[in-house]
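*Asks:* Here it is, the structure in full.
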Amino acid sequence: MTTIDTKNKPEGSGPAAAAPLLEVDNLHVEFRTRDGVAKAINGVSYDVSAGETLAVLGESGSGKSVTAQTIMGILDMPPGHITGGEIRFHGKDMLKMSKEERRKIRGQKISMIFQDALSALNPVYSVGFQLAEMFTVHRGMSKKDAKLKSIELMDQVRIPAAKDRVNDYPHQFSGGMRQRIMIAMALALDPELIIADEPTTALDVTVQAQVMDLLAELQRERNMGLILITHDLGVVADVADKIAVMYAGRIVEQAPVRELYRQPTHPYTKGLLESIPRLDHKGRELYAIKGLPPNLMRIPSGCAFNPRCPYAQDVCRSEIPPLHEISVGRGSACHFWETVMEGEVRG
Amino acid sequence: MAESPNGATSADPRKIVKPVAQGEPILQVRGLVKHFPITQGILFQKKIGAVKAVDGVTFDLMKGETLGLVGESGCGKSTVARLLMNLESITAGSVLYKGDDLAKLSGRALKAVRRNIQMVFQDPYTSLNPRMTVADIIGEPYDIHPEVAPRGDRKRRVQELLELVGLNPEHINRYPHQFSGGQRQRIGIARGLALNPEIIIADEPVSALDVSVQAQVVNLLEKLQNELGLSYLFIAHDLSVVRHISDRVAVMYLGRIAEIGTDAQIYDHPTHPYTQALLSAVPVPDPDGREHRERIILTGDVPSPANPPSGCRFRTRCWKAQDICAEQEPLLEIRKGLSGLGAHDSACHFAEEKDIVGAA
Ligand SMILES: Nc1ncnc2c1ncn2[C@@H]1O[C@H](COP(=O)(O)OP(=O)(O)OP(=O)(O)O)[C@@H](O)[C@H]1O
Ligand SMILES: Nc1ncnc2c1ncn2[C@@H]1O[C@H](COP(=O)(O)OP(=O)(O)OP(=O)(O)O)[C@@H](O)[C@H]1O
Ligand code: SF4
Ligand code: SF4
Ligand SMILES: [Mg+2]
Ligand SMILES: [Mg+2]
């Protein structure tokens, strides 16, 4: 089985040649519920380096958020169980660390931005208080210094008149401003890695552009790693360095951003790209991937995508395709990736 | 009011209201206003102001067309939808259905009109009651309008509807949680179609779906339009989806329409600075485009609808604003000097074309 391992790639093969900041390695997670066992994550591997943006794409229910929750240690356990794999931060497996060690990384070195800023902020405390609390609790700052630091952060995320608004409550801010406050909180303790789960889905395009530009700029300034989970392929094209595509709890394709858009090597990715409506012309019928997402309690044997795949052959129903290495940093979990790449439909 | 003699017993509500030819206005919205009062005090509520959510909106919806409605969060799109559905009371202005003012209709005539305007909601996860089966959810409108499907006929009707939207008719007794997001949105659409409406108001019907599921739902809506001659008011914040599905597009800003025209007029020949900024902000799914695009980033936040700026409402964020913009409200009209596709209604004193999308 060929797997892509960025650590072993040849010397001087690009900016990401340094050891990755975070590596998810063959992760398995399942949910044990009354109805049965849902195999949500079935061997996910990806990595991200300092200063790099990894975009995670994939169908609704494919496990993007569960992977992120496992990294952050906020998975619902039970019913969730981690049944295999490692999550290495600077080469050290977080799943084997002591609680104390882990606590120092999660929330401080790695922080997370959620989709819904209003529910992630506490409605009964002022925004300034919630920001300041990060500094008093984790940095042992005095209340007064923490407040000054909060105003500085609000300034940095472009909240107008931050000094006057520091005592306002979350509901007094617009959706875009609340999302910027979430970014401020995520940045407060100078993390090395940020995980953003659909940070702009609830926002309209003008505010979305502001938020993404801000995030990208701060990431550059601070050389942070960024894992961006989204289904907006426009946002991905704008900011990502590389992409991992998920389907049924696996990575089915992984590639640098340009190569993936130009020449997808997995039928699911190809279908996804063909489904996008375009701003610059009015097409006829939109392409849609046929069929339904898999039931995680009964994932199809062989390749999980086979019942919906126009390229499927007999072997797809019996053998799980490994992630074939196509070139450095590029892989496809499809038996027929070469055919897909050439663009001919088989079968 | 032309009611056919057999109107009340007909299964098809379209037969009891007068017909409108393809391309004629079926809905005329004139100077629509909705102000939500801001009150103070616990014992004696005192009105201290108003949120001007919708503040003078005028447009036509033609028979068989799709009118897209776009604009920033909070600009009043959903409020327009709710006013058209009679879920909110109108503060001022009027809505004409086939030439008849809805405010002047009552009794059976009003009920017939209501039946002809249905809504599909944004969120497939919360808009369906989790304790009701699919049969109950889709069949619920028949409780209010039993004349459309007599009791004994309901199950068959619901199954027909399920088939029409591409769901398995055998799943009639399942509950919402047993369906995926895209399937749930189809259930919402089936429910919207239950009473054979002529007009569907769809408020962000695909926003919560991933692109492949979104494509399935958009295709379904277009297929149903072709088969049933439906008119759609399609509200969304994804401008690419709106272009794909719409014949005409209206751009709203802070309770008013900034610009309205055909999809080519709005997307290829926008003349209002707000539309231009909105289009320039759309991320393009092509990594090679990212260095070459000119993006108009708007500074400042949207002003409060309780206290909108004088004159042009966009002036606090507009890079072209002059003194006149604060003094005089720009009318929604075709400005002199514009020709070709640039000549369409735009509420800007200095309306001029700027190629945004093609420049990418
Ligand atoms: N607490 C839980 N109990 C049971 N199943 C769960 C739980 N949390 C998630 N799951 C299941 O795990 C699977 C993966 O969910 P996840 O939220 O990671 O999807 P996603 O890829 O983030 O999708 P989306 O794009 O819709 O956010 C889903 O089938 C979901 O139903
Ligand atoms: N019941 C209400 N009481 C007071 N204000 C309201 C009410 N409903 C809506 N508003 C306000 O009216 C304005 C318009 O809201 P509306 O929901 O129509 O916006 P929208 O364009 O649909 O936005 P979005 O894209 O976020 O859905 C907002 O400022 C909103 O806060
Ligand atoms: S392995 Fe087979 S079924 Fe799976 S994506 Fe490739 S061709 Fe399709
Ligand atoms: S009227 Fe003035 S402020 Fe308003 S959009 Fe036109 S130029 Fe800008
Ligand atoms: Mg998710
Ligand atoms: Mg709305």
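*Asks:* What helices (runs of 4 or more DSSP H), lying completely within the stretch B:146-228, carry at least 2 residues that are within 24 Å of A:Glu59 (Cα to Cα)?
*Replies:* Numbers: elements: B:154-164, B:181-193, B:211-228.
Counting at least 2 such residues, we get B:181-193, B:211-228.
*Asks:* Take the residues in the stretch A:40-70 that are crowded, with 20+ Cβ neighbours inside 10 Å and farther than 23 Å from A:Val239 by Cα, then tell me which one is nearest to ligand 6 (Cβ to nearest atom).
*Replies:* Applying the filter and picking the extreme gives A:Gly61.
*Asks:* Now, a different point. Would you mind telling me which numbered condition in (1) more than 7 Å from every other protein chain (Cβ to nearest Cβ); (2) in contact with a strand residue (DSSP E or B) (Cβ under 8 Å, 6 or more places away or on another chain) A:Pro267 fails?
*Replies:* So A:Pro267 meets the others, but not (2).
*Asks:* Restricting the stretch A:330-347 to residues that are touching an Asp or Glu at 6+ places or on another chain (Cβ under 9 Å) and either in a loop (DSSP other than H, G, I, E, B) or of a type in the set (Ser, Thr, Tyr) (or both), which is nearest to A:Tyr261 (Cα to Cα)?
*Replies:* A:Ser332
*Asks:* Can you find, within the stretch B:322-342, the residue that is farthest from the other protein chains (Cβ to nearest Cβ) among those that are over 22 Å from B:Gly56 (Cα atoms) and in a loop (DSSP other than H, G, I, E, B)?
*Replies:* First pass over the stretch B:322-342, keeping only residues over 22 Å from B:Gly56 (Cα atoms): B:322-323, B:336-342.
In the following step, the residues that additionally are in a loop (DSSP other than H, G, I, E, B) were identified as B:322, B:336-339.
Values: B:Gln322: 22, B:Lys336: 29, B:Gly337: 26, B:Leu338: 22, B:Ser339: 22 Å.
So the residue we want is B:Lys336.
*Asks:* On to the next question. Within the stretch B:91-149, track down each residue that is within 16 Å of ligand 5 (Cβ to nearest atom) and surrounded by fewer than 16 Cβ atoms within 10 Å (Cβ to Cβ).
*Replies:* Going residue by residue through the stretch B:91-149, those that are within 16 Å of ligand 5 (Cβ to nearest atom) are B:123-125.
Result: B:Tyr125, single match.
*Asks:* Next question. Given the criteria in a loop (DSSP other than H, G, I, E, B) and touching a Leu at 6+ places or on another chain (Cβ under 7 Å), does B:Pro309 qualify? Give the derivation first.
*Replies:* Working: in a loop (DSSP other than H, G, I, E, B): yes; touching a Leu at 6+ places or on another chain (Cβ under 7 Å): no.
Here the answer is no, as B:Pro309 does not meet what is asked.
*Asks:* Kindly list the number of the only condition in (1) closer than 30 Å to A:Gly51 by Cβ; (2) away from chain B (no Cβ under 11 Å) that fails for A:Asp238.
*Replies:* (2)
*Asks:* A:Ala55 passes all but one of (1) in a helix (DSSP H, G or I); (2) within 14 Å of chain B (Cβ to nearest Cβ); (3) more than 11 Å from ligand 1 (Cβ to nearest atom); which number fails?
*Replies:* (1)
*Asks:* Further question: Just checking, how many residues over the stretch A:274-302 are of a type outside the set (D, E, K, R) and within 7 Å of chain B (Cβ to nearest Cβ)? Please lay out each step first, then the result.
*Replies:* Keep residues of the stretch A:274-302 that are of a type outside the set (D, E, K, R), which gives A:275-277, A:279, A:281, A:283, A:286-289, A:291-297, A:299-302.
Restricting the remaining residues to those that are within 7 Å of chain B (Cβ to nearest Cβ) gives A:275-277, A:279, A:283, A:286-289, A:292-293.
Counting residues in the stretch A:274-302 that are of a type outside the set (D, E, K, R) and within 7 Å of chain B (Cβ to nearest Cβ) gives 11.
*Asks:* Quickly run through the stretch B:199-223 and pick out the residues that are modelled with pLDDT of 85 or more and touching a Ser or Thr at 6+ places or on another chain (Cβ under 6 Å).
*Replies:* Of the residues in the stretch B:199-223, the ones modelled with pLDDT of 85 or more are B:199-203, B:215, B:218-223.
If the condition is that a residue be modelled with pLDDT of 85 or more and touching a Ser or Thr at 6+ places or on another chain (Cβ under 6 Å), then B:Ile199, B:Asp203, B:Ala215 are the ones that fit.
*Asks:* Additional query: Quick one: how many residues across the stretch B:210-239 are within 16 Å of ligand 2 (Cβ to nearest atom) and within 14 Å of another protein chain (Cβ to nearest Cβ)? I'd like the intermediate steps shown before the answer.
*Replies:* Pass one, the stretch B:210-239, residues within 16 Å of ligand 2 (Cβ to nearest atom): B:233-239.
Adding the requirement that they be within 14 Å of another protein chain (Cβ to nearest Cβ) leaves B:234-239.
Within the stretch B:210-239, residues that are within 16 Å of ligand 2 (Cβ to nearest atom) and within 14 Å of another protein chain (Cβ to nearest Cβ) number 6.
*Asks:* Tell me which residues, restricted to the stretch B:229-244, are in a loop (DSSP other than H, G, I, E, B) and closer than 29 Å to A:Thr269 by Cβ.
*Replies:* Restricting attention to the stretch B:229-244, the residues satisfying the condition of being in a loop (DSSP other than H, G, I, E, B) are B:229-230, B:236-238.
B:Ala236, B:His237, B:Asp238 - these are the residues of the stretch B:229-244 that are in a loop (DSSP other than H, G, I, E, B) and closer than 29 Å to A:Thr269 by Cβ.
*Asks:* Still on this structure, please answer the following. Among all residue pairs at least 6 apart or on different chains, which show Cβ distances below 9 Å where the first residue, located in the stretch B:152-179, is within 14 Å of B:Leu193 (Cα to Cα) and the second is assigned to a helix (DSSP H, G or I) and of a type in the set (Phe, Trp, Tyr)?
*Replies:* Within 9 Å, the pairs are B:Arg154/B:Tyr142; B:Arg157/B:Tyr142; B:Val158/B:Tyr142.
*Asks:* Can you report the number of residues in the stretch B:245-268 which are within 13 Å of another protein chain (Cβ to nearest Cβ) and not in a strand (DSSP E or B)?
*Replies:* 10
*Asks:* Which one of the conditions (1) modelled with pLDDT of 95 or more; (2) in a loop (DSSP other than H, G, I, E, B); (3) surrounded by fewer than 14 Cβ atoms within 10 Å (Cβ to Cβ); (4) of a type outside the set (Asp, Glu) does B:Gly358 fail to meet, given that it meets all the rest?
*Replies:* B:Gly358 satisfies every listed condition except (1).
*Asks:* So which helices (runs of 4 or more DSSP H) are wholly in the stretch A:71-167 and hold at least 3 residues that are touching a residue at least 40 places away in the same chain (Cβ under 8 Å), over 21 Å from the mean Cα position of the chain (by Cα) and crowded, with 16+ Cβ neighbours inside 10 Å? Reasoning before the result, please.
*Replies:* Working: elements: A:99-105, A:117-120, A:127-139, A:143-156, A:162-165.
Here the list reads A:127-139.
*Asks:* Just one of (1) under 28 Å from A:Arg278 (Cβ atoms); (2) in contact (Cβ under 8 Å) with a residue 12 or more places away in the chain; (3) away from chain A (no Cβ under 12 Å) trips up B:Tyr274, so point out which.
*Replies:* Going through the list (1) under 28 Å from A:Arg278 (Cβ atoms); (2) in contact (Cβ under 8 Å) with a residue 12 or more places away in the chain; (3) away from chain A (no Cβ under 12 Å), B:Tyr274 breaks only (3).
*Asks:* Sort out which residues of the stretch B:252-281 are of a type in the set (Val, Ile, Thr) and either buried (at least 23 other Cβ atoms within 10 Å of the Cβ) or under 17 Å from B:Arg317 (Cβ atoms) (or both), and write them in order of number.
*Replies:* Step one: list which residues in the stretch B:252-281 are of a type in the set (Val, Ile, Thr), which gives B:257, B:260, B:262, B:266, B:271, B:275.
Hits for the stretch B:252-281 are B:Ile257, B:Ile260, B:Ile266, B:Thr271, B:Thr275.
*Asks:* For residues that are within 14 Å of chain A (Cβ to nearest Cβ) and touching a Lys or Arg at 6+ places or on another chain (Cβ under 8 Å), scanning just the stretch B:343-360, find the one that is farthest from ligand 5 (Cβ to nearest atom). Spell out how you get there, then give the answer.
*Replies:* At the first step, the residues of the stretch B:343-360 found to be within 14 Å of chain A (Cβ to nearest Cβ) are B:355-360.
Applying the additional criterion that residues be touching a Lys or Arg at 6+ places or on another chain (Cβ under 8 Å) yields B:359-360.
Values: B:Ala359: 34, B:Ala360: 29 Å.
Among them, the one singled out is B:Ala359.
*Asks:* If you take the residues in the stretch A:58-70 that are within 14 Å of chain B (Cβ to nearest Cβ) and outside any loop (DSSP other than H, G, I, E, B), which one is farthest from ligand 1 (Cβ to nearest atom)?
*Replies:* Filtering the stretch A:58-70 for residues within 14 Å of chain B (Cβ to nearest Cβ) gives A:58-65.
Pick out the ones that are also outside any loop (DSSP other than H, G, I, E, B) and you get A:58, A:64-65.
On the way: A:Gly58: 6, A:Lys64: 3, A:Ser65: 3 Å.
Restricting to residues being within 14 Å of chain B (Cβ to nearest Cβ) and outside any loop (DSSP other than H, G, I, E, B), the top hit is A:Gly58.
*Asks:* Here is a follow-up. Can you tell me which residue in the stretch B:222-241 is nearest to A:His231 (Cα to Cα), limited to those that are without any contact (Cβ under 8 Å) to a residue 40 or more places away in the chain and not acidic (Asp, Glu)? Explain how you work it out, then say what you get.
*Replies:* The initial filter retains those residues of the stretch B:222-241 that are without any contact (Cβ under 8 Å) to a residue 40 or more places away in the chain, namely B:222-223, B:226-228, B:238, B:241.
After this cut, where a residue has to be not acidic (Asp, Glu) as well, the list is B:223, B:226, B:228, B:241.
Details: B:Lys223: 25, B:Asn226: 29, B:Leu228: 32, B:Val241: 14 Å.
The selected residue is B:Val241.
*Asks:* What number of residues within the stretch A:277-304 satisfy the criterion of being crowded, with 18+ Cβ neighbours inside 10 Å and within 16 Å of ligand 1 (Cβ to nearest atom)?
*Replies:* Within the stretch A:277-304, residues that are crowded, with 18+ Cβ neighbours inside 10 Å and within 16 Å of ligand 1 (Cβ to nearest atom) number 5.
The values are calculated or read from the model by the stated rules, or taken from the named source; none is laboratory data. Computed from a prediction, not measured in an experiment: that's the story for all the values here. Cβ sites come from the backbone with ideal geometry, for glycine too, and all protein chains shown count toward neighbours.
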